[in-house]
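The values are calculated or read from the model by the stated rules, or taken from the named source; none is laboratory data. Nothing here was measured: the structure is a model prediction, and the numbers come from that model. Don't worry about glycine lacking a Cβ; one is built from the backbone with ideal geometry, like all the others, and counts go over all protein chains shown.
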Amino acid sequence: MTMPIKLDDLLSKADFLQRARSGDRASLEKLAGAVLPRVRKTVYFTMGSNTDLEDVVQMAMVRIFRGLSRFRGDSQLETWIDRVTVNTVRAHFRRHPFRGWFSSCDSIDRLESPGKTPHEGAEKNETLEQLKTHLTQITPKKRIALVLSAVHGYTVAEIAQMTDCTIETAKKRVQHGRREMLRRLMKDEELGTILEEFSPCQD
């Protein structure tokens, strides 16, 4: 099985990003393969169960690669990619408002990985569905801030800049979203162990 290309590995190669920005086809294809999992994870966590998921993923990818030539390195490429992705999701929310879900990155990674046995795989799917059910009430603004904090590890100052709000507003969105999830998980004995995995908001 072919191992996925890691974005950090590509960026560590001399002149790789410059070749991609210049339109080198081979470099662009490698970059797309490395960027897609990050974009998909952000979109899936912020949008939840929705038929438009792949459309938003593709739109974010299009925006990223159309804007790549204008990327000047004022921030890390990963930060710029996340900002474009989040802005794409926010635009979709404005056009098609709905409620979604969020969960811990580590928990979802484990749940999405294939089970060692069919029974284990079925249990993981059931747990994932339970998480979705618990977390469907989180509003988009809180959900996006929480994803950026818990999944990608951004500070509230960085989240504020990426989502065009004040630092205090970003901090409240992360905290309130986290509290909403914790209240739900505390009432569920089967999912209670996931409580330990929610990290506090970073200043």
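Looking at Arg143, Arg178, Arg173, can you tell me which residue is over 17 Å from Phe93 (Cβ atoms) and either at pLDDT 85 or above or not assigned by TED's automatic domain parsing to the domain that holds Phe93 (or both)?
Arg178
So which residues in the stretch 58-73 are within 21 Å of Lys41 (Cβ to Cβ), of a type outside the set (A, V, I, L, M, F, W, C) and touching a residue at least 12 places away in the same chain (Cβ under 8 Å), if there are any at all?
Within the stretch 58-73, Arg63, Gly67 meet the criteria.
Considering each of Arg83, Arg38 in turn, give the residue that is surrounded by 16 or more Cβ atoms within 10 Å (Cβ to Cβ), outside the structural domain of Ile159 (by TED's automatic domain parsing), more than 19 Å from Lys141 (Cβ to Cβ) and within 11 Å of the chain's Cα centre (by Cα). It would help to see each step written out before you state the result.
Values: Arg83 fails: more than 19 Å from Lys141 (Cβ to Cβ).
It is Arg38.
With the requirement that a residue be over 16 Å from Gly73 (Cβ atoms), surrounded by 11 or more Cβ atoms within 10 Å (Cβ to Cβ) and of a type in the set (A, V, I, L, M, F, W, C), what does the stretch 8-34 give you?
Answer for the stretch 8-34, where residues must be over 16 Å from Gly73 (Cβ atoms), surrounded by 11 or more Cβ atoms within 10 Å (Cβ to Cβ) and of a type in the set (A, V, I, L, M, F, W, C): Leu28, Ala32, Ala34.
Any residue at all in the stretch 83-106 that's of a type in the set (Ser, Thr, Tyr), modelled with pLDDT under 65 and more than 23 Å from Lys13 (Cβ to Cβ)?
Within the stretch 83-106, one or more residues are of a type in the set (Ser, Thr, Tyr), modelled with pLDDT under 65 and more than 23 Å from Lys13 (Cβ to Cβ).
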